[in-house]
Amino acid sequence: MKLGIFDISERTVSKYIPRPTPNPQKRLSWKQFYLLHSETMVVSDTFSVYSSNFKEIFRVVFFLHVGTRQILHFDIHTNPTTRWIRKVLKFAIRKQVQSGKKMDYLLTDNDSIFGKRLTKYIERLGIKHKKTSLRSPWQNCYAERWIKTCRNEFLDHFIPINQYHLEKNLNEFIHFYNHHRTHLALNKDSPVPSPILKPPLHGKAKLVSTPVLGGLYHTYSYDNVA
């Protein structure tokens with residue numbers, strides 16, 4: 001902008017121009033953001049588990065696909081680093097691609113292991129790294145809800161002896177969660193859709209239960225009777 005003598009910076013002028021008040025009704029809410037990108041969004045978080053003698057603290061990291069609620073991958077470490085998170089993320093991306101879906105967004109909190117180094121790595125892969133606001137765990141509600149489910153339905157009934165013991169049983173619980181546990185949000189289906197079992201039309205069959213986690217849960221199937 002010029003006034004004949006002086007050249008005035010546009011930034012100086014813009015400082016004095018009144019700005020319109022943002023319309024909150026036009027802002028995209030977190031609920032709308034999730035609905036728009038649920039099929040291409042993966043959320044991640046960590047939680048801690050103590051060993052039976054309280055001498056070790058295991059950090060569990062997991063990656064959950066929002067659209068299906070499926071746990072794509074998890075891993076356990078006593079001293080997690082950004083380099084380790086990158087390795088775990090590779091497996092999650094691979095499983096997401098194998099399921100025929102792409103990952104456009106990765107949503108995490110502000111933990112140091114999800115810092116700038118991880119953001120740069122994710123952006124090189126063509127994925128947008130979205131972080132929650134400080135002290136706002138509700139913005140990562142799907143991850144927080146799964147942690148609560150894992151604690152209520154698994155960890156409250158189980159004390160790990162060591163890391164292998166935790167990994168083995170957590171893997172069994174996640175397989176049950178992905179393939180057999182139903183969700184109201186998924187129209188009473190499991191994250192990985194399971195077939196509806198019907199008794200055979202011809203011959204007799206008995207209903208067989210298979211224990212999961214030592215009988216904490218059961219899965220059921222039909223077995224033909226000779």
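The values are calculated or read from the model by the stated rules, or taken from the named source; none is laboratory data. Worth saying up front: this structure is predicted, and the values here are computed from it rather than measured. All Cβ positions, glycine included, derive from the backbone under ideal geometry; neighbour counts span all protein chains shown.
Structure summary
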{"read-out": "The range 103-118: number of residues that are surrounded by 12 or more Cβ atoms within 10 Å (Cβ to Cβ), out of contact with any Lys or Arg (no Cβ under 8 Å at 6 or more places or on another chain) and not aliphatic (A, V, I, L, M)", "value": "3"}
{"read-out": "Residue in the range 169-191 that is over 20 Å from the mean Cα position of the chain (by Cα), part of a helix (DSSP H, G or I) and in the same structural domain as Phe54 (by TED's automatic domain parsing) present", "value": "no"}
{"read-out": "Residue within the range 18-39 that is over 14 Å from the mean Cα position of the chain (by Cα), acidic (Asp, Glu) and either in the same structural domain as Gln163 (by TED's automatic domain parsing) or surrounded by fewer than 16 Cβ atoms within 10 Å (Cβ to Cβ) (or both) present", "value": "no"}
{"read-out": "Val49 vs. criteria part of a strand (DSSP E or B), farther than 18 Å from Tyr105 by Cβ and either under 10 Å from the mean Cα position of the chain (by Cα) or modelled with pLDDT of 95 or more (or both)", "value": "yes"}
{"read-out": "Any hit, the range 72-82, residues being part of a helix (DSSP H, G or I), surrounded by fewer than 18 Cβ atoms within 10 Å (Cβ to Cβ) and either more than 12 Å from the chain's Cα centre (by Cα) or assigned by TED's automatic domain parsing to the domain that holds Trp146 (or both)", "value": "yes"}
{"read-out": "Failed item in (1) surrounded by 12 or more Cβ atoms within 10 Å (Cβ to Cβ); (2) out of contact with any strand residue (DSSP E or B) (no Cβ under 6 Å at 6 or more places or on another chain), with Lys128 passing the rest", "value": "(2)"}
